[in-house]
Every structure is written in C-alpha cells, then in structure tokens.
Amino acid sequence: MNSNIDIAKRIASSLDCTLSKEVLKTFSEILVPEKYKKGERILDEGQVCEYLYFIDKGMTRQFYFKYDKDLTEHIGYEDSIVVCLESYFNEEPTKLMIETLEPTIAWKISKRDIEHLASVNSEMGTLYRRVFEKSLITSQQKADTLRFEPANERYLKLMQRHPEILKRAPLIYIASLLQMTPETLSRVRSASLNS
C-alpha cells in the first residue's frame, strides 16, 4: 500500500497544488486508508458525509433511488475525490449513497481535520478550495452535457474525459450515468465503434 506521504502528494498533484514538505507531512497525518470489498457501501442513505474520500485504487459510484429506480449520479476511480457535497456541507443525512464497483482502497479525510488545517495554513486553504472548485466544474460540465447534448455526444464526451469508466463500470450504471436506457447505450456504442 502507498504511504501517507505518497497519497498526500497524489492528492495535491490531482488538484494542481504545490505543498511544501512541512505542509505535505502535516496533511499526510490526517489521511486514513480504508479497504472496501466490491459492492460495499462506503456511505449509506441517512448517514452524514463526514469525509472526503480519495480513491487510491478501485472504482466507486454515487447513486440514489427515485420512484424505486436506482440512478447513478457519479462514477469515481483512481486519483479522484468522492464526496456527497450537500450532506458534507450541511452536516445532514444524505440521500446519495456511495458504493464500490471494484475492490477499493480509499483514503478518508475528516472534514474537521482538513477544515482546521485549511484555517491555519494558506497552502492547505488553497488545496481545500480546489477540491470544491474541481467538483463544481465537473458537476456543471455534466449538467450541461445532459441538458444540451444528444445521446451520442454524451457518450463521446464520456469516452474522451473518462475512458476508464467505459472500460470498467457495468453497462447498466454507465447508461444511468448518461441518462439513457441500456438499449440506447448499446445503439450509441455500436454506432461509435462503426464510425
């Protein structure tokens, strides 16, 4: 398994942040590794999201139920940070769940610990802000794609931005993520392979 310092460096790098050696060390001390089996819930409905999760290895999905339908909101994999934002900020029970799609190692970062570091150190303040800037930009891009683009464009965007999802996630979750039926996804995939 990677060391805390290695993970702290990877987190900073994934957010385009540079941290001094002392700050990296301090940051590394609040990182806690957790191993999850495939299909395990990291966060369940009704729990409060008290952590950011940095995915070292594996894949997760965030999903919710609507009219008894299981809908995929987000799929994360190596070097991404997963969080249920509304629950995290409001400290309220979540409706969004996180489960693993593969055996996963995720490093937990406690909200209390990182907020404390961010309040006393400007480098950590910048890193903490970047977590949410990146998350908001990703959410906005996804919302725009779903609102304005036809099914084939949505698929192509996912292929460009996140080929790992197409290689590793079950088709039913990819279809849900792209807000398509599995049949539409099959047609779109076939068309893109033949073009």
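Is it true that Glu45 is within 19 Å of Lys134 (Cα to Cα), acidic (Asp, Glu) and in contact (Cβ under 8 Å) with a residue 24 or more places away in the chain? No. In the condition set (1) assigned to a helix (DSSP H, G or I); (2) under 20 Å from Lys134 (Cα atoms), Leu19 is compliant with all but (1). Take Ser110 and tell me if it is among the hydroxyl-bearing types (Ser, Thr, Tyr), touching an Asp or Glu at 6+ places or on another chain (Cβ under 7 Å) and surrounded by 14 or more Cβ atoms within 10 Å (Cβ to Cβ). Yes. At least 2 residues being under 15 Å from the mean Cα position of the chain (by Cα) is the threshold, and among the helices (runs of 4 or more DSSP H) wholly inside region 88-185 those reaching it are 122-148, 151-161, 163-168, 171-177.
Candidates are the residues of region 92-120 that are out of contact with any helix residue (DSSP H, G or I) (no Cβ under 8 Å at 6 or more places or on another chain) and acidic (Asp, Glu); the one that is farthest from Arg41 (Cα to Cα) is Asp113. Scanning region 58-70 for residues that are surrounded by 15 or more Cβ atoms within 10 Å (Cβ to Cβ) and of a type outside the set (Phe, Trp, Tyr) yields a total of 5. Yes or no: region 25-35 includes at least one residue that is within 27 Å of Leu166 (Cβ to Cβ), in contact (Cβ under 8 Å) with a residue 12 or more places away in the chain and either assigned to a strand (DSSP E or B) or not assigned by TED's automatic domain parsing to the domain that holds Thr126 (or both). The answer is yes; a qualifying residue exists.
The values are calculated or read from the model by the stated rules, or taken from the named source; none is laboratory data. Keep in mind that what you see is a predicted model, and the values were worked out from it rather than measured. Reconstructed Cβ throughout: ideal geometry from the backbone, glycine too, with neighbour counts over all protein chains shown.
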